[in-house]
Amino acid sequence: MPIRLALLLSVVAFPAGAEVPKVVADVGPIHSMVARVMDGLGAPTLIVPPGLSPHGHALRPSEASALQDADVVVRVGGTLAPWLDDAVGTLAPKARSLVLLDVPETRLRTFDEDHGHGDDDDPHKDHDADAVAIDPHAWLDPDNGKLWLDAIADTLSEADPENAIIYAANAEAGRAELDGLKIEIEGTLAPVRDRGFIVFHDAYGYFEEKFSIPSAGAINVSDAAPPSAARVAALRDAVVDADAVCVFSEPQFNTGLVTTLTEGTGARSGVLDPLGAALQPGPALYPALLRGLATSLSECLAE
């Protein structure tokens, strides 16, 4: 263990007297990172419950109350939960706000038009707006996760200077865990990198690029709009053309489309969970989510 980390962790055993800030986080993976940084001091509140999509979530009274009471709000930003911007401005105008997509050096990507998202019935459709849309699922690159752990620690330290050394120690331990996890995932995916697969929607680009395992296509451009009949036919062709071994659904969405796409193709169906919907919220969720993606891909794509 590095000397610096050992010294920092030695302090964690001694509780600090300062009152810990009330912190809210938008989705499971971010809540997990915040919980990791706050470990031993307190726990954040999760706004979007497990199993629900953040894209169109309607704020419940208990969630609105948590925002009103918050000293710190940590959220992804961008198009993940745009409704939350107004909610934070209205309910938590004085809270410290950390928008993770704005953290310097975060690796960002645009939605991949090569996957042919949305309705492609009109070949003259202008895709300029889609071309510049930032993919908000940036936590699926663990290197972004490492950056964000530090940013969370810095923000909490500003709100709670007396516990700054503990936040820093927890963030450093979390980064070390992610470094080891990256090596583990590389090994898990190595045998199946040349096998084709289709994903439910374009949520996995960061993971695919980080670990060099690109999908052959995506069913939906968003979680809200079902694909047209022409899109479904094109995707069935893509399953066949890509010799796709697996088509992946997600826990919070209807699997009927996946059944339609795999019928008669020889492709299997699997489940990928980009939000940790099936996992217990807390500090272990984020690494378990990344590990679970690798395991699901490996098991469904294996010979």
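The values are calculated or read from the model by the stated rules, or taken from the named source; none is laboratory data. Everything quoted here is computed from the prediction, not taken from an experiment. Cβ sites come from the backbone with ideal geometry, for glycine too, and all protein chains shown count toward neighbours.
May I ask you to verify whether Pro214 is in contact with a helix residue (DSSP H, G or I) (Cβ under 9 Å, 6 or more places away or on another chain), farther than 23 Å from Ala284 by Cα and exposed (fewer than 15 other Cβ atoms within 10 Å of the Cβ)? Talk me through it step by step, then tell me what you get.
Working: in contact with a helix residue (DSSP H, G or I) (Cβ under 9 Å, 6 or more places away or on another chain): yes; farther than 23 Å from Ala284 by Cα: yes; exposed (fewer than 15 other Cβ atoms within 10 Å of the Cβ): no.
It is false that Pro214 is in contact with a helix residue (DSSP H, G or I) (Cβ under 9 Å, 6 or more places away or on another chain), farther than 23 Å from Ala284 by Cα and exposed (fewer than 15 other Cβ atoms within 10 Å of the Cβ).
Determine, yes or no, whether Leu67 is in a helix (DSSP H, G or I), assigned by TED's automatic domain parsing to the domain that holds Asn144 and modelled with pLDDT of 95 or more.
Yes: the conditions hold for Leu67.
Looking at Val247, Val258 in this structure, which one is farther than 28 Å from Arg107 by Cα and crowded, with 18+ Cβ neighbours inside 10 Å? Quick ask: steps written out before the conclusion?
Working: Val247 fails: farther than 28 Å from Arg107 by Cα.
Within the list Val247, Val258, the selection yields Val258.
Identify, please: which residue in segment 85-100 is touching a helix residue (DSSP H, G or I) at 6+ places or on another chain (Cβ under 9 Å) and part of a helix (DSSP H, G or I) and is, among those, surrounded by the fewest Cβ atoms within 10 Å (Cβ to Cβ)?
Thr90
Please work out which residue is surrounded by the most Cβ atoms within 10 Å (Cβ to Cβ), limiting yourself to segment 261-278 and to residues that are at pLDDT 85 or above and hydrophobic (A, V, I, L, M, F, W, C).
Leu275
Given the residues Phe200, Phe248, which is the only one that is assigned by TED's automatic domain parsing to the domain that holds Ser296, touching an Asp or Glu at 6+ places or on another chain (Cβ under 6 Å) and touching a residue at least 12 places away in the same chain (Cβ under 8 Å)?
Values: Phe248 fails: touching an Asp or Glu at 6+ places or on another chain (Cβ under 6 Å).
Exactly one residue qualifies, and that residue is Phe200.
Collect the residues in segment 251-266 that are part of a loop (DSSP other than H, G, I, E, B) and either touching a residue at least 40 places away in the same chain (Cβ under 8 Å) or assigned by TED's automatic domain parsing to the domain that holds His55 (or both), keeping them in residue-number order.
Across segment 251-266, the qualifying residues are Pro251, Gln252, Phe253.
Scanning segment 167-197 for residues that are acidic (Asp, Glu) and touching a residue at least 60 places away in the same chain (Cβ under 8 Å), which turns out farthest from Thr259 (Cα to Cα)? I'd like the intermediate steps shown before the answer.
Initially, segment 167-197 is screened for residues acidic (Asp, Glu), giving 172, 177, 179, 184, 186, 194.
Then keep just the ones that are touching a residue at least 60 places away in the same chain (Cβ under 8 Å); that gives 172, 177, 184.
On the way: Glu172: 43, Glu177: 37, Glu184: 31 Å.
Result: Glu172.
Can you tell me which residue among Leu101, Leu8, Leu41 is at pLDDT 95 or above, within 26 Å of Leu178 (Cβ to Cβ) and more than 23 Å from the chain's Cα centre (by Cα)? Write out each step before concluding.
Details: Leu101 fails: more than 23 Å from the chain's Cα centre (by Cα); Leu8 fails: at pLDDT 95 or above.
Of the residues listed, the single one that is at pLDDT 95 or above, within 26 Å of Leu178 (Cβ to Cβ) and more than 23 Å from the chain's Cα centre (by Cα) is Leu41.
List, please: which pairs have Cβ atoms under 8 Å, are six or more places apart or on different chains, and start with a residue in segment 280-303 that is without any contact (Cβ under 8 Å) to a residue 60 or more places away in the chain and more than 13 Å from Glu177 (Cβ to Cβ) and end with one that is of a type in the set (A, V, I, L, M) and crowded, with 21+ Cβ neighbours inside 10 Å?
Sorted first by the residue in segment 280-303, then by its partner, the pairs are Ser296/Leu272.
Examine segment 19-26 for a residue that is touching a Lys or Arg at 6+ places or on another chain (Cβ under 6 Å), without any contact (Cβ under 8 Å) to a residue 60 or more places away in the chain and assigned by TED's automatic domain parsing to the domain that holds Leu178, and state whether such a residue exists.
Of segment 19-26, the ones touching a Lys or Arg at 6+ places or on another chain (Cβ under 6 Å) are 26.
Right, trim to without any contact (Cβ under 8 Å) to a residue 60 or more places away in the chain and you get 26.
Right, trim to assigned by TED's automatic domain parsing to the domain that holds Leu178 and you get 26.
So far as segment 19-26 goes, yes, one or more of its residues are touching a Lys or Arg at 6+ places or on another chain (Cβ under 6 Å), without any contact (Cβ under 8 Å) to a residue 60 or more places away in the chain and assigned by TED's automatic domain parsing to the domain that holds Leu178.
Go through (1) modelled with pLDDT of 95 or more; (2) more than 16 Å from the chain's Cα centre (by Cα); (3) of a type outside the set (Ser, Thr, Tyr) one by one and return the number of the condition Asp194 breaks.
(1)
Here are some conditions: (1) in contact with a helix residue (DSSP H, G or I) (Cβ under 9 Å, 6 or more places away or on another chain); (2) modelled with pLDDT of 95 or more. Ala159 meets all but one. Which one does it not meet?
Only one criterion is unmet by Ala159, namely (1).
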